[in-house]
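The values are calculated or read from the model by the stated rules, or taken from the named source; none is laboratory data. These numbers come from a predicted model, not from an experiment. Cβ: placed from backbone, ideal geometry, glycine included. Neighbour counts: every protein chain shown.
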Amino acid sequence: METRGEKSFIKMQLIPARIYDWLTDVKGVNEAFIKISNIISGKLIDGRLLEIGFGPGRLLEELRNLVPQLELHGLDISASMLKIAYKRLGTKPELRLGSIEKSNYSDDFFDCIVCSCSFYNWDNPVEGLNEMYRILKPGQTAFLFETTRDFDPELLGINLQNNLVGYGQTQRILSTVFLKKQLKMTYSTAEFNELILQSKFKDNYNIVRDVLGSLPIYVRIELTK
């Protein structure tokens with residue numbers, strides 16, 4: 001079976017994971033995490049929150065600082081990312097190694113689920129969405145913050161260069177290459193719609209265009225159980 005990227009993350013060694021952490025530690029990404037945290041804190045001030053695909057752990061760190069009363073959990077398929085996140089976060093939040101296709105969480109367990117720019121890598125997105133539905137409490141919402149292929153390339157180029165001012169040449173070049181690769185792999189808004197309509201969230205969801213870290217390349221998908 002071909003993979004959209006999951007297998008490469010599962011096999012990722014610690015050095016490439018550290019390079020990924022370094023490449024994504026830039027103004028635009030960090031500002032995106034601040035905005036996502038503010039959106040979440042406006043919806044939820046206590047309860048259990050799960051981040052799927054937490055990577056190096058910077059969004060969970062931002063959420064912990066902004067909303068310390070939340071009980072935070074994280075799930076990621078990469079053992080190397082888990083090691084980096086543990087080093088950054090310690091034993092709280094509770095971090096687990098595993099796939100959202102089949103998690104070990106109980107039914108109706110979380111008050112909120114958030115995923116930032118990893119959904120496009122899922123090999124079986126509908127199965128992942130249905131597992132999110134199972135572990136989300138009734139009446140609660142999951143948030144996907146994802147890049148989309150529907151964007152203005154000229155505006156992206158201008159804003160991306162502004163975001164990378166002050167960084168070294170290597171980081172600027174590799175960060176740009178990484179983002180362009182991601183944008184080739186990600187879904188269009190219509191494709192997001194098609195996937196969600198195949199899932200248990202099909203009757204209660206919303207997709208809106210969004211700007212994160214000054215980059216007009218995102219959608220915010222709200223999935224309510």
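Do we have LYS83 as without any contact (Cβ under 8 Å) to a residue 24 or more places away in the chain and assigned to a helix (DSSP H, G or I) here? Against the criterion (without any contact (Cβ under 8 Å) to a residue 24 or more places away in the chain and assigned to a helix (DSSP H, G or I)), LYS83 does not qualify. Whenever a residue of segment 48-66 is under 14 Å from SER118 (Cα atoms) and outside any strand (DSSP E or B), its partners that are among the β-branched types (Val, Ile, Thr) and at pLDDT 95 or above, lying with C-beta atoms within less than 6 angstrom and at least six residues away or across chains, give the pairs PRO56/ILE84.
Is it the case that TYR187 is at pLDDT 90 or above, under 17 Å from ILE221 (Cα atoms), assigned to a helix (DSSP H, G or I) and hydroxyl-bearing (Ser, Thr, Tyr)? No. Inside segment 4-18, can you point out the residues that are surrounded by 14 or more Cβ atoms within 10 Å (Cβ to Cβ), of a type outside the set (Phe, Trp, Tyr) and outside any loop (DSSP other than H, G, I, E, B)? Result: GLU6, LYS7, ILE10, PRO16, ALA17, ARG18. Are any residues in segment 197-222 modelled with pLDDT of 95 or more and in contact with a helix residue (DSSP H, G or I) (Cβ under 7 Å, 6 or more places away or on another chain), and if so, which ones? GLN198, SER199, LYS200, PHE201, LYS202, TYR205, ILE207, VAL219, ILE221, listed by residue number. Restricting attention to segment 196-222, the residues being surrounded by 19 or more Cβ atoms within 10 Å (Cβ to Cβ) and in a helix (DSSP H, G or I) number 1. Residues that are out of contact with any Leu (no Cβ under 7 Å at 6 or more places or on another chain) and not in a loop (DSSP other than H, G, I, E, B) within segment 107-128 comprise TYR120, ASN121, GLU127, GLY128, listed in sequence order. Being surrounded by fewer than 16 Cβ atoms within 10 Å (Cβ to Cβ), of a type outside the set (Gly, Ala, Ser) and within 27 Å of GLY28 (Cα to Cα) is a property that holds for LYS87.
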